[in-house]
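Working notes, structure below.
Since every read-out is calculated from the coordinates, none of them should be taken as a lab result. Not measured: the values here are computed from a predicted model. Cβ: placed from backbone, ideal geometry, glycine included. Neighbour counts: every protein chain shown.
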């Protein structure tokens, strides 16, 4: 048998689909539904907001970051245990990696047999929206366009003309019409919503307000009817569910930097480390807590610049990170984690000292310096990926390193920016630090090799011998 599911898409980025997703997710939660939310694409921030709205951890679905069969497996493994699956798309419905629309939201909807509801920004448009809806229906075969939610409508007459035009020229139902809001309930960066860590209003109040707006302006019962349509899901998702069962035997202790500065982690990356035998210890670079003895350290992304003063002030922890690296501890760092390993951070015309594992002078700009999918090849031995291995991921950073001194790069990019001139993945002893984020379902050897490196470190530390650089 199947389970209710639907996808919310947009005509473009900034169309309002995230706010609609949050409002519908929160409203369904208030109605007693157990909702599993998914974000199409690599975005950590929207996924975190979705998690907070529905009260359950959201997952990313991205057929560029990991194979389509695993996208199906991940969706099925999680969604089948909930009352309803809500998937939020990204960018425009048909926007993908190339002119064929590879890895687009529309492609994902077909892969997972999802009825699509489009959120359309109707600013200064009326009858033309009917033509746009007709275009959406006919542009690619196999798309189940199940409804339209009109956004940014100017008033009753505007809504009436839009609704009548769409319903006269198409058979796509209008499920609701949202008024222009005086102000965005959640501010936007260049690439989507700001993080919840940066937002100082009561989050529940924001969600409740969005749920109220949806309840007043969208036919949610009709949305639920659409969610229950479609073919039998078992025939579409005839795949093996993923197994994230943690190993009963914990062979290594791996620290995970998780606080207001560092929180960009895919849940599946953490679960696969546990499956291979890691006991995870969640740490903070800004809190005065004692860290346990570690066999490895995972430094995820985030916005360390927002807490630059507190990080720089905690000299003890910065010195400890440096000491760990010098002793040969396996450290894997992504984006914000890479920044932490630099020499200094220049932000808002102030300079802050960092751990100085790498001699990097890092500067944070107002606009993104790297944004998009990344592809490359491993060119230098390291503990995590063999030489010649093809690596895919994504980057999203406002920082860059304008002055890079002597450096050893393990990753040569043929797509993406990286640290310097298409090079990424700095290597020092058993440290690997890159702007590139990866998803472990696309690179399962990463979790296995990370745990193996941590195990080697643990064994050699007991023998009191010098720790060499590990390679795979």
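The table below lists the values:
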read-out	value
Region 5-236: C-alpha gyration tensor shape, a/c 1.5 cut-off, then a/b vs b/c	rounded
Anisotropy class of region 1-84 from Cα gyration tensor, a/c 1.5 cut	oblate
Between helix 444-462 and the chain: long-axis angle, C-alpha atoms, 0 to 90°, nearest 10	30
Between 0 and 90°, nearest 10: helix 44-54 axis offset from the chain longest Cα axis	60
Point-to-point label distance, residue 315-residue 57, nm (Cα→Cβ direction, 7 Å offset)	3.7
Residues 122, 335, 420 arranged by fewest to most Cβ contacts within 10 Å	420, 122, 335
Burial ordering of 365, 305, fewest other beta-carbon atoms within 10 Å first	365, 305
Antiparallel bridges, percent of DSSP beta bridges restricted to region 57-199 (to nearest 5)	15
Residues in region 155-188 reached by a label modelled at residue 222 [backbone nitrogen below 11 Å; 7 Å Cα→Cβ]	163-164, 167, 172-177
Helix-only [θ]222 nm of the chain, DSSP H runs n ≥ 4, -39500 (n - 2.57) each, per residue, nearest 500	-9500 deg cm²/dmol
Förster radius 35 Å - calculated FRET efficiency between residue 344 and residue 461 (Cβ-Cβ, nearest 0.05)	0.70
Linear extension gain, residue 140 paired with residue 202, 0.36 nm per residue minus alpha-carbon span	18.1 nm
Shape category assigned to region 318-472 from the gyration tensor of Cα positions, a/c cut at 1.5	oblate
DSSP bridge pairs, the chain: antiparallel proportion in percent, nearest 5	40
Normalised convex hull volume, region 383-467, alpha-carbon set, Å³ per residue	114
Shape parameters for region 258-338, alpha-carbon atoms, Rg then Dmax in Å	12.5, 36
Residues 178, 114 arranged by fewest to most Cβ contacts within 10 Å	178, 114
Cβ-Cβ FRET estimate between residue 209 and residue 12, R0 fixed at 30 Å, reported to 0.05	0.80
Helix axis angle, 203-217 relative to the chain longest principal axis, alpha carbon, degrees	20
Theoretical gain in end-to-end length, residue 169 to residue 293 [0.36 nm per residue, Cα-Cα removed]	38.0 nm
Whole-number percent relative contact order across the chain, with pairs defined as alpha carbons under 8 Å at least 6 apart	13
Cα-derived Rg to Rh of the chain, Kirkwood definition	0.99
